[in-house]
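In what follows, a structure is listed as structure tokens, so that the remarks can point back to it.
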Amino acid sequence: MAKRSISPAVLPPSKRPHYDHDVREKHAPSLNFDTLLYDELILCIFSYLSWVDLCVIQSTNRNWARLAADNELWRELYLAEYGRTRLRGSRGFIGRLDGREVKPLPGHSRAKGDQYRDWKWMFRISSNWRSGRSLVEEWESPEHPDAGMPSPELPDEQTHILLAGPWTIAASSKKAVIQLSRHPGQSRLFNLPYEEPSIHSSCVSITALALDQSPSSSDRLCIAIFFSTGQFSVHDFNASSVSVDPIRRYNYRPSRQSLRTSNVVKAVYHHPLLVTLSENFSLSIYDLSAGTVRHIQTLGSFTSYPPASMVLSSPSSTAYKLVIAYSIPVYPKHWSIGATELLISKGVDGSASPAISNPTLFSSPSFHEDYKYPLATTMSILNSRTIRAFDTPSGWVDENSLRLMREQWGRKLYNVADAQTDGKWVVIAPGQRSHTHLTMPDSQTSSTSDMITSNYDSPTSLQLYRLVLPSQSNSISASPPKLNFVRTLHGQMSTVSALALADGRCVSLGQNGSIWVWDLEAGTGAQVAPADNSVEGRPIKGTVSFDDRRIVSAYGGKVVVRRFDI
């Protein structure tokens with residue numbers, strides 16, 4: 001028995017036994033796929049997987065999720081699937097003379113320092129475009145009666161839309177008001193000043209908008225605005241803040257009313273060159289290099305009609321390239337598509353162009369020159385080329401030529417709803433047969449109304465053409481321009497109200513509010529929006545525009561944005 005009790009304090013820990021050799025068991029890590037192979041080997045194995053498998057294996061563990069999201073893996077998948085190093089859908093087809101990689105427009109609206117690209121995110125955006133998956137945002141029209149958005153009470157009203165980076169510029173065809181919006185909660189209306197005392201401002205409307213496509217280092221949007229009175233002005237909008245008022249850089253007021261300045265329906269702007277197209281198909285060229293607006297030339301046409309579209313590019317620092325697509329009549333009462341290319345040159349450092357030193361008469365099979373000798377300026381039209389989809393071969397007609405003529409005759413249209421081009425592709429949409437300009441007998445009135453109702457929800461097939469414009473040469477063996485029929489675009493279940501074409505992608509807005517998108521190079525198409533029940537039974541006159549991440553449509557008194565970066 002112990003002489004005294006044990007202390008209640010906690011006993012110290014027992015000592016470890018000491019051995020002559022360390023015989024403790026060493027716990028080796030478990031052998032598995034992650035520990036046996038280096039990350040480089042795992043990435044090499046992952047490179048043989050499809051994008052669907054990469055998305056699935058990300059849920060395995062954290063290490064696989066990290067490796068499956070490798071930017072280089074998705075870069076290889078994106079290039080293999082879509083064949084380009086950027087997102088498709090930039091406005092305009094701006095390419096080099098040798099036909100290599102193109103750059104998107106507008107250049108000043110692109111983000112700075114975008115050397116790093118999230119290829120996985122780009123792959124997801126392109127996949128959403130292909131499947132038609134988007135997030136819909138409906139922008140409410142301002143409640144002010146002088147707002148720049150359309151209203152249901154004005155059925156003939158049309159909204160002009162421009163997209164520049166994250167900004168959306170909208171203007172109504174009934175009011176001289178511009179709305180600059182970034183998202184539904186950040187927008188502002190700008191009342192444009194009009195300096196004509198004899199005409200009330202409420203009677204002035206906007207007929208066309210044009211965004212400056214020239215590269216700019218500043219955060220400003222330069223927009224040319226055309227009014228119904230023939231006057232137009234160029235304004236600078238602050239892209240960093242909508243609270244700053246725009247600055248008017250140029251203002252042009254014609255000395256007299258003429259067909260050249262009234263009802264400008266299309267315009268393209270690449271500073272200092274501004275080109276306008278009026279409703280009677282007068283093509284006007286303006287020079288803004290001297291700090292003022294100078295009218296250079298006006299070209300007219302007796303064989304070209306709207307609807308039409310224009311694309312202006314700058315292949316070099318001293319040359320511009322203008323491509324125009326338009327409707328042409330086909331005997332006896334049908335329509336087809338044609339295109340014209342104009343090369344516009346300017347001197348360097350303000351010197352006159354060589355074409356001005358010896359002025360010659362401008363010659364073109366589609367356009368004639370209203371002014372034989374243009375003003376002394378740095379700009380001049382060097383050459384033009386015209387091609388038509390429906391053309392009769394000269395000389396004797398063999399069996400092959402006869403077969404081609406029959407195929408062309410089978411593609412004739414009774415009416416043209418819209419025609420668009422991006423400089424490489426041309427798309428023409430047929431319109432309702434009852435909208436032809438030919439006078440119909442009174443006995444066909446009832447059948448005409450039935451035709452409008454039946455065509456409202458009837459399938460519409462768009463015609464796709466490939467515009468080939470080889471480099472111009474004086475050689476006898478030089479290749480002529482071609483406008484080749486490629487295929488028919490199916491899917492749209494209504495008469496087309498508006499088309500938008502850019503960078504090999506086509507978007508159509510139907511009169512029932514449905515939207516379809518086609519990838520012209522890949523040959524795929526998808527429905528983005530079904531028919532809108534709110535406009536059922538009454539055809540709408542809408543507008544559609546898009547860039548690489550969204551589609552903006554305006555019809556029926558509302559503006560709808562569909563985003564694909566989700």
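The values are calculated or read from the model by the stated rules, or taken from the named source; none is laboratory data. Computed from a predicted structure; not experimentally measured. We place every Cβ from the backbone using ideal geometry, glycine too, and count neighbours over all the protein chains shown. Quick note on the areas: whole protein, heavy atoms, side chains included, nothing else; ligands and nucleic acids left out. Shrake-Rupley method; radii C 1.70, N 1.55, O 1.52, S 1.80 Å.
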Pick from the range 19-40, criterion open to solvent by less than 90 Å² (accessible area, probe 1.4 Å) and modelled with pLDDT of 65 or more, ranking: nearest to LEU77 (Cα to Cα): ASP39
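This table checks each residue for (1) surrounded by 19 or more Cβ atoms within 10 Å (Cβ to Cβ); (2) at positive phi; (3) touching a Lys or Arg at 6+ places or on another chain (Cβ under 7 Å).
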| residue | (1), (2), (3) |
| --- | --- |
| LEU499 | yes, no, no |
| ALA502 | yes, no, yes |
| ALA531 | no, no, no |
| ASP565 | no, no, yes |
All positions within the range 211-228 that are open to solvent by 20 Å² or more (accessible area, probe 1.4 Å) and outside any strand (DSSP E or B): GLN213, PRO215, SER216, SER217, SER218, ASP219, SER228
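Listed here are the residues, each with its yes/no results for (1) closer than 21 Å to MET310 by Cβ; (2) in contact (Cβ under 8 Å) with a residue 24 or more places away in the chain; (3) in contact with a strand residue (DSSP E or B) (Cβ under 7 Å, 6 or more places away or on another chain).
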{"site": "GLN213", "(1), (2), (3)": "yes, yes, yes"}
{"site": "SER218", "(1), (2), (3)": "no, yes, no"}
{"site": "LEU221", "(1), (2), (3)": "yes, yes, yes"}
{"site": "ALA224", "(1), (2), (3)": "yes, yes, yes"}
{"site": "THR229", "(1), (2), (3)": "no, yes, no"}
{"site": "SER240", "(1), (2), (3)": "no, no, no"}
{"site": "ILE247", "(1), (2), (3)": "no, no, yes"}
Residue among THR276, THR261 that is closer than 17 Å to LEU209 by Cβ and either part of a loop (DSSP other than H, G, I, E, B) or open to solvent by 50 Å² or more (accessible area, probe 1.4 Å) (or both): THR261
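Restricting the search to the range 181-202, which residues are over 17 Å from HIS235 (Cα atoms) and modelled with pLDDT of 70 or more?
Taking the range 181-202 first, the residues over 17 Å from HIS235 (Cα atoms) are 182-187, 196-202.
Matches in the range 181-202: ARG182, HIS183, GLN186, SER187.
Just to be sure, is SER545 in a strand (DSSP E or B), more than 20 Å from LYS424 (Cα to Cα), open to solvent by 10 Å² or more (accessible area, probe 1.4 Å) and not charged (D, E, K, R)?
Details: in a strand (DSSP E or B): yes; more than 20 Å from LYS424 (Cα to Cα): no; open to solvent by 10 Å² or more (accessible area, probe 1.4 Å): yes; not charged (D, E, K, R): yes.
Taking the combined requirement at face value, the residue does not satisfy it.
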